[in-house]
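Readers should treat all values here as calculations from the given coordinates under stated rules, not as data from a laboratory. Every value quoted in this text rests on a predicted model; they were computed, and no experiment measured them. For neighbour counting, all protein chains shown are included, and Cβ atoms are generated from backbone atoms with ideal geometry for every residue, glycine included.
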Amino acid sequence: MSRSILVAISVGLLVGACQTGPSVELPIRCSFDDAPEAGLPSGWRTAETNGRGMPGAWAVRAESGGRIVRLVETENAEDTFNLLLTDDVFPSDLTVSVRVRADAGNEDQGGGVLWRAGGANDYYVARWNPLEDNVRAYHVVGGRRTLIANADVEADRRAWHELTVSARGSTTEVGFDGTTVMRFEDDTLRGPGRIGLWTKADAETSFDELRVDRSR
């Protein structure tokens, strides 16, 4: 295969992920490099769980080496969760990974990836919190968050880290920087749904290199 064809395929995968359409063909990869700076990537929407009328601001930002998407400002606290959701619905069985960097936050820091979202109040989420030195998985139903699994993880608070979720049926594995840190069974949410990015309270967080594939 020629180099030009390979480049064309790679570009198509990036655009397909950042600018979602009526159907989803896996795998997709999104570096956000094609998204307009200061705006939202096409095919994504902001949302909140347990919002109090002060939604956080998400935006694409330029950094050395490319563009990222970041929660750039939030005045939220306590049990309000800041979400960036895809418009498209993804299969229930999938593998999704994203690079995460904790930028700021007094009450909370870090963030994670969500899947099988029926909306802003119903989804699974796996998140990394550098203040607590852990990775945790929850299900959120009707806006109420319930802990499923916890793993103690010590990592550089200002570095990029990769969070990976592989879900098949009621079984889910969560990885951090290439190492599986938890495996759990939970069938609270079974169907397809949106995927997205997640932070809690005042956590301002950057995300990059989102990848979605069929479940491993």
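The figures follow:
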{"quantity": "Of [x] 11.6; [y] 18.9; [z] 15.7, the label for mean projected area of the Cα convex hull in nm² derived from the coordinates", "calculated": "[x]"}
{"quantity": "Arg145 paired with Arg61, simple spin-label distance in nm, labels 7 Å along Cα-to-beta-carbon", "calculated": "2.1"}
{"quantity": "Highest to lowest packing among 142-154, 202-214, scored as the average C-beta count within 10 Å", "calculated": "202-214, 142-154"}
{"quantity": "Dipole magnitude of the chain about its Cα centre (Cβ charges: Lys, Arg +1; Asp, Glu -1), debye to nearest 20", "calculated": "580"}
{"quantity": "Packing-based exposure ordering (other Cβ within 10 Å, fewest first) of Val69, Val141", "calculated": "Val141, Val69"}
{"quantity": "Stretch gain in nm, segment Ala77-Arg183, where the contour uses 0.36 nm per residue and the Cα spacing is subtracted", "calculated": "35.2 nm"}
{"quantity": "Positive-end residue of Gly118, Met182, Ala151, charge dipole of the chain with Cβ unit charges", "calculated": "Gly118"}
{"quantity": "Separation of alpha-carbon centers, segment 173-216 and segment 33-50, rounded to whole Å", "calculated": "18"}
{"quantity": "Neighbourhood net charge (14 Å Cβ-Cβ; Lys/Arg +1, Asp/Glu -1) for Gly105", "calculated": "-3"}
{"quantity": "The chain, helix-only ellipticity at 222 nm - DSSP H runs n ≥ 4, -39,500 (n - 2.57), divided by all residues, nearest 500", "calculated": "-2500 deg cm²/dmol"}
{"quantity": "Fewest-first ranking of Ser215, Ser64, using other Cβ atoms within 10 Å as the exposure measure", "calculated": "Ser64, Ser215"}
